[in-house]
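The structure under discussion appears below in the form of C-alpha cells.
The values are calculated or read from the model by the stated rules, or taken from the named source; none is laboratory data. This is a predicted model, so every value here is computed, not measured. When we count neighbours, we look across all protein chains shown, and the Cβ atoms used for this are built from the backbone with ideal geometry, even at glycine.
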Amino acid sequence: MRKFALAAVLFFLGGAFLPGLAGDASASISLEKCTLCHGKAEFRKLLVGGSIRDLFVTGDTLKGSVHGKKVCTDCHFDVSEIPHRERPRRVTCTHCHFKGNQEGAPQSDNVLAYFDSAHGTAIARGNAKAPLCQDCHGSHAIIKAKDPGSKVARAHVAETCGKCHMEIYAQFKGSIHGAALGKGITEVPSCTGCHGEHKIYAHNDPKSTIYPTHVSEQCSKCHASISIMGKFGIETEQVATYKMSFHGVAGQFGSRTVANCSSCHGVHDIRPSDDPLSMVNPKNVPKTCGKCHPGANPNFAVGKIHVDAKKKESGIIYWTAFFFKWLTICTMLALIAHIFLDMYGRTRRLRGER
Amino acid sequence: MTENDRKDATRDAVGREVEAVVNEQLAGLPPEQAEAMREKIHRRVREEIERDLRARSAADRREAARHAKEKHPEEGETYLRFNRNFRFQHMVMFSSVILLIITGMPLKFPNFLLSRFVINFWGGIQNSTIVHRIGAGMLIYFMVHHFIYTIVTRDGRRDFWLLLPNLGDAKDIAHNIKHFLGKVPDKPRFGRFSYIEKFDYWAVYWGCIIMIGSGLFLWFETDVLRFLPKYALDVAHEMHSDEAILATLAIVIWHFYNVHFNPDRFPGTLLWWHGRLSEHEMKEEHPLELEEILARRAKESVEVTHR
C-alpha cells in the first residue's frame, strides 16, 4: 500500500515537472534555431539612413547578464515562426518587471515611477525618441547597477544619458563633478545623483528633485555632510550660511525666483571658484549676479559670499554681530531688572510694607 | 470716631472677651501653672490680632487706592499731553512697526512654526516683502514727519529740549530704585518726561536710524554696491537683523510693560488716542509739569488782572 502511494506521488510530481522539462528543451531548440541566422558574424542590416544594424547574436550573448538563464523567445515572444517575416517588436520589459511578478524578476515599482517621469510621459505622448528601459539599461548585456561595468553604474550613467543629452554631457564632463567622476571618486554625483534614477522630472515640475525650491536640499545631501566633504577638504558651512541668507530663507518659503545653489554655481558646469570658467569666479561674479540684479559690478565679489557672522574670520561682520549681541543682552537685562524692581516695589506696598 | 479709635475699641472688646474665656478655662488649675498658661495665651492672642490688623489696613489702603483710581477719569481737569500731530505720528509709527515685525521676523526665524503661517497669510514671500517695504515707507515717512515737526512746531522744539537726558535723570534712576527697594517712601517727582520716557524716545531714534539706514542698503542693494563693497551690505544685513531683535524685545517687554501690563495701566490707557491725562495721573506721574502749568496759569491770570 505504502509503495503504491509513493509511486502515485512520484507519478503526479513527474506529471507536474515534465511539461517544464519539455519547455526547456523546446527553448534550447529555439536558441539553436535563432543562431542559425543570427549566429553568423556578418548578419546585419543596412538601414535607410545608411547606418548598419548589427544583428549578430550567439548563445553567449546573454551570458553574464542578469538574464543569463533566459532565452531569445522569453523576451522576443512575438517571434512564433522562423524565419520571422516582420521585424520583432520592441521588447516590453514590463512583461516580467512589475511588482508581484512570478518570474523571479526584482520586485519593484520602478516601472511605475518611469511611466510617471519625464521620459515615460514623453513616450506616452508619442515621442519616439524618448528612452525606454533598454535605452539606458542596455538590451542584451544588462547587468546590475551596482556592478561597476553596468551602463547605469555611477561611472557610466553620464555616458549613457549623454547619448541623447550630448551638450549637457559635454558640460558635465568639464565640471568638477564630471572631472572627479573621471578620476574614479565614488562619492561624486553623476546624472542620477541629482535627477533621480527612475523618477526623473523636468526642472519646472514641482515633483522634481531639481525644482528651484528643492535644489538646495538636493545639493545639501552631500554638501552638508561632514563625513563626505571632509574627505575632499570642502567646507560644509555653505549650506548653513545659504539657509540663513535672504536667498535661502525666501527659497524655504517657496520663492521660485530667488537664487538657489545652481543659480550661481551653475547647473551641469559647476566648477571650483578658482577656475576662470566658473560662474562664481570673482571675474564672472558681476555677470552671474547680474542675471537677477541688473547692473551688478565687481563690488559684488568684494567680500565673502557665504559669510557667517558667528565666525571671527568674517571680520567687521563678526564685530557688528558681537556689538549688537552684547548691546541687546545688556539693554534687555537692565530693562527687565527695572521691571522686576518695579513689581517688587509694588508688591511690597500692596502687602502694607513701606 | 476716627479709624484708630475704632480699632482701639475693637481691640478692647476682643481683649475682654478673651480674658473671660481664659479665666473660665483656668479656674481649676494651680495658681502658678495658670499664670504661665495665661501669659502664653495672651502673647499668642496679641500676635494674632496684630497680624490681622496689619493685613486689614493694607486691604483698606488698596480699597482706597482703587476708589481714587475709579474716580479720576471723570473728576478734575484733564491736561493735554500729546497734541494731535504727535498722536498721528505715534499711530503711523506703531502701525508701520507692527507690519515690519510680522513680515520681518519670519525671515529671521524661518524654522519657527508660525513663520510659514505668517508668510502665507500675505500670500507668500513675494507679497510679504512688498508689505515689508510698505511698512518701511511708513516708518521713513514718520521719521521725516517727526524731523520737520521737531524743527517747525513750537511743541516739537519744546519737547526736544525737554527730552535731552541730563544729570537729574541719573538721580531719578537712583531714587526710583531706592523707592522700589523700600528705602525711600516717595517716588521721584518727574517733569514732563521721566527718564523712562526719555529712554523710549531715544531708543526709537537709534532704532529708526539703524533700521532705516541698513534697510535702505538692503532695499537698493545694486545701487549701494555701485559705491561700496559687498561686505558693507553684509554688515547692513547683520545690523538690520540684530537691531530688529533688540527693538522688538524692547517694545514687547519694556514698552508693553510700561503702557499695558503695568498694574496702574492694565490693560492699557487711551492716551495714544485722546492724548489727555487726568489731574490724578498728572499728580502721580508728572507732578513737576503740573506745578509748572499751574504756576504759569497763575502768572497769566495775574497778568490779565493787572492789565
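Name the helices (runs of 4 or more DSSP H) wholly within segment B:118-183 that hold at least 3 residues that are more than 14 Å from B:F86 (Cβ to Cβ) and within 11 Å of another protein chain (Cβ to nearest Cβ)? Show your work before the answer.
Details: elements: B:125-152, B:154-163, B:167-180.
Output list reads B:125-152, B:167-180.
I need the full set of residues from segment A:78-125 which are part of a helix (DSSP H, G or I) and of a type in the set (D, E), in order please.
A:D116
Out of the residues in segment A:179-205 that are of a type in the set (G, A, S) and part of a loop (DSSP other than H, G, I, E, B), which is farthest from A:K146 (Cα to Cα)?
The selected residue is A:A202.
Could you say which residue among B:F217, B:F199 is more than 12 Å from chain A (Cβ to nearest Cβ) and either surrounded by 15 or more Cβ atoms within 10 Å (Cβ to Cβ) or not in a helix (DSSP H, G or I) (or both)?
Exactly one of B:F217, B:F199 is more than 12 Å from chain A (Cβ to nearest Cβ) and either surrounded by 15 or more Cβ atoms within 10 Å (Cβ to Cβ) or not in a helix (DSSP H, G or I) (or both), namely B:F217.
Restrict the check to segment A:291-309 and report whether at least one residue is more than 7 Å from chain B (Cβ to nearest Cβ) and in contact with a His (Cβ under 8 Å, 6 or more places away or on another chain).
no
Could you list all residues from segment B:80-124 that are polar (S, T, N, Q) and under 21 Å from A:F253 (Cα atoms)?
Residues satisfying the conditions are B:T103, B:N111, B:S115, B:N120.
Of the numbered conditions (1) surrounded by 14 or more Cβ atoms within 10 Å (Cβ to Cβ); (2) more than 10 Å from every other protein chain (Cβ to nearest Cβ), B:H260 satisfies every one except a single condition; which is it?
So the condition that B:H260 fails would be (1).
Identify, please: which residue in segment B:185-196 is within 16 Å of the chain's Cα centre (by Cα) and free of Cβ contacts under 8 Å to residues at least 60 places away in the same chain and is, among those, surrounded by the fewest Cβ atoms within 10 Å (Cβ to Cβ)? Give the derivation first.
So in segment B:185-196, the residues within 16 Å of the chain's Cα centre (by Cα) come out as B:187-196.
Now restrict to residues that are free of Cβ contacts under 8 Å to residues at least 60 places away in the same chain: B:187-188, B:193, B:195.
On the way: B:K187: 17, B:P188: 20, B:F193: 19, B:Y195: 19.
Selected residue: B:K187.
I need the full set of residues from segment B:87-99 which are crowded, with 19+ Cβ neighbours inside 10 Å and over 14 Å from B:Y141 (Cα atoms), in order please.
Answer for segment B:87-99, where residues must be crowded, with 19+ Cβ neighbours inside 10 Å and over 14 Å from B:Y141 (Cα atoms): just B:L99.
Across segment B:263-293, what is the number of residues that are without any contact (Cβ under 8 Å) to a residue 24 or more places away in the chain, outside any helix (DSSP H, G or I) and more than 10 Å from chain A (Cβ to nearest Cβ)?
Counting residues in segment B:263-293 that are without any contact (Cβ under 8 Å) to a residue 24 or more places away in the chain, outside any helix (DSSP H, G or I) and more than 10 Å from chain A (Cβ to nearest Cβ) gives 6.
Confirm whether A:A240 is among the hydrophobic types (A, V, I, L, M, F, W, C), surrounded by 20 or more Cβ atoms within 10 Å (Cβ to Cβ) and out of contact with any Cys (no Cβ under 6 Å at 6 or more places or on another chain).
Numbers: among the hydrophobic types (A, V, I, L, M, F, W, C): yes; surrounded by 20 or more Cβ atoms within 10 Å (Cβ to Cβ): no; out of contact with any Cys (no Cβ under 6 Å at 6 or more places or on another chain): yes.
Considered against the rule, which asks whether it is among the hydrophobic types (A, V, I, L, M, F, W, C), surrounded by 20 or more Cβ atoms within 10 Å (Cβ to Cβ) and out of contact with any Cys (no Cβ under 6 Å at 6 or more places or on another chain), A:A240 comes out as no.
Give the residues of segment A:133-146 that are closer than 17 Å to A:C191 by Cα and loosely packed, with under 15 Cβ neighbours inside 10 Å, sorted by residue number.
Across segment A:133-146, the qualifying residue is only A:K146.
A:A130 passes all but one of (1) surrounded by 14 or more Cβ atoms within 10 Å (Cβ to Cβ); (2) small (G, A, S); (3) under 20 Å from A:K69 (Cβ atoms); which number fails?
That leaves (3) as the condition not met.
For segment A:248-262, check the following and say yes or no: at least one residue is out of contact with any Phe, Trp or Tyr (no Cβ under 6 Å at 6 or more places or on another chain) and more than 14 Å from every other protein chain (Cβ to nearest Cβ).
So in segment A:248-262, the residues out of contact with any Phe, Trp or Tyr (no Cβ under 6 Å at 6 or more places or on another chain) come out as A:249-262.
From what's left, more than 14 Å from every other protein chain (Cβ to nearest Cβ): A:261-262.
Yes, that holds for at least one residue.
Kindly list, by first and then second residue, each pair from a residue in segment A:311-333 that is more than 7 Å from every other protein chain (Cβ to nearest Cβ) and over 23 Å from B:Y257 (Cβ atoms) to a residue that is surrounded by 14 or more Cβ atoms within 10 Å (Cβ to Cβ) and of a type in the set (F, W, Y), limited to pairs with Cβ atoms under 7 Å and residues at least 6 apart or on different chains.
Correct list of pairs: A:K311/A:Y318; A:K312/A:Y318.
May I ask you to say which residue of B:L113, B:L53 is modelled with pLDDT of 80 or more and not small (G, A, S)?
Values: B:L53 fails: modelled with pLDDT of 80 or more.
Sole residue among the options that is modelled with pLDDT of 80 or more and not small (G, A, S): B:L113.
Check off (1) more than 17 Å from the chain's Cα centre (by Cα); (2) closer than 23 Å to B:F86 by Cα; (3) crowded, with 16+ Cβ neighbours inside 10 Å; (4) touching a residue at least 60 places away in the same chain (Cβ under 8 Å) for B:I210 and give me the number that stays unchecked.
All conditions are met except number (4).
Among the residues of segment A:208-240, write down those that are in contact (Cβ under 8 Å) with a residue 60 or more places away in the chain and closer than 13 Å to A:C194 by Cα.
none
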